[in-house]
Amino acid sequence: MDTAEERATRTTHTSTVDEAEASASGVCWAAIVAGGVAIASLALILLALGVGLGLSVVSPWSASRISPTAIGLGVIAWLIFTHVAASGLGGYLAGRLRGQAFTPTRCISATLRMDFSPGGLPPSSPPLC
């Protein structure tokens, strides 16, 4: 049988655990910032690539001209692709980096493993932050 003292100790321990869980944040700001940097970096790279592709398509000579409608549709499609790809990479990276202590080495390592491995990071690998 439980004594009053054992019940009080158990109640105090349970409330301490609940307070610790409530005060623990599920947000890893370092991972969010790393994801934002990845978004900005990839968006800049893809926008520069898009400018290069766009300038290579446009011709100053009137004989080989592409219609403005086609150029406009190409620009819209490229910008949508750029934002979706950059946001996807940044969100994926931020999600993978949450959870453990963040170090820049882990961020670089995760980015390289994600970019150069055939299937990205394996699902069984531990969180990197």
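The values are calculated or read from the model by the stated rules, or taken from the named source; none is laboratory data. Every value quoted in this text rests on a predicted model; they were computed, and no experiment measured them. A quick note on method: Cβ atoms are made from the backbone with ideal geometry, for glycine too, and the neighbour counts reach across all protein chains shown.
On inspection, Ala38 passes the criterion of being at pLDDT 90 or above and surrounded by 14 or more Cβ atoms within 10 Å (Cβ to Cβ).
The set of residues in region 61-75 that are within 16 Å of Gly50 (Cα to Cα) and among the aliphatic types (A, V, I, L, M) comprises Ala70, Ile71, Leu73, Val75. Annotation note: of Ala43, Ala48, Ala38, the sole residue that is in contact (Cβ under 8 Å) with a residue 12 or more places away in the chain, over 11 Å from the mean Cα position of the chain (by Cα) and within 30 Å of Leu97 (Cα to Cα) is Ala43.
Selection within region 60-77: residues that are surrounded by 10 or more Cβ atoms within 10 Å (Cβ to Cβ) and not in a helix (DSSP H, G or I). The member of this set that is modelled with the highest pLDDT is Ile66. Exactly one residue among Ala110, Ala48, Ala31 is modelled with pLDDT of 85 or more and surrounded by 11 or more Cβ atoms within 10 Å (Cβ to Cβ), and that residue is Ala31.
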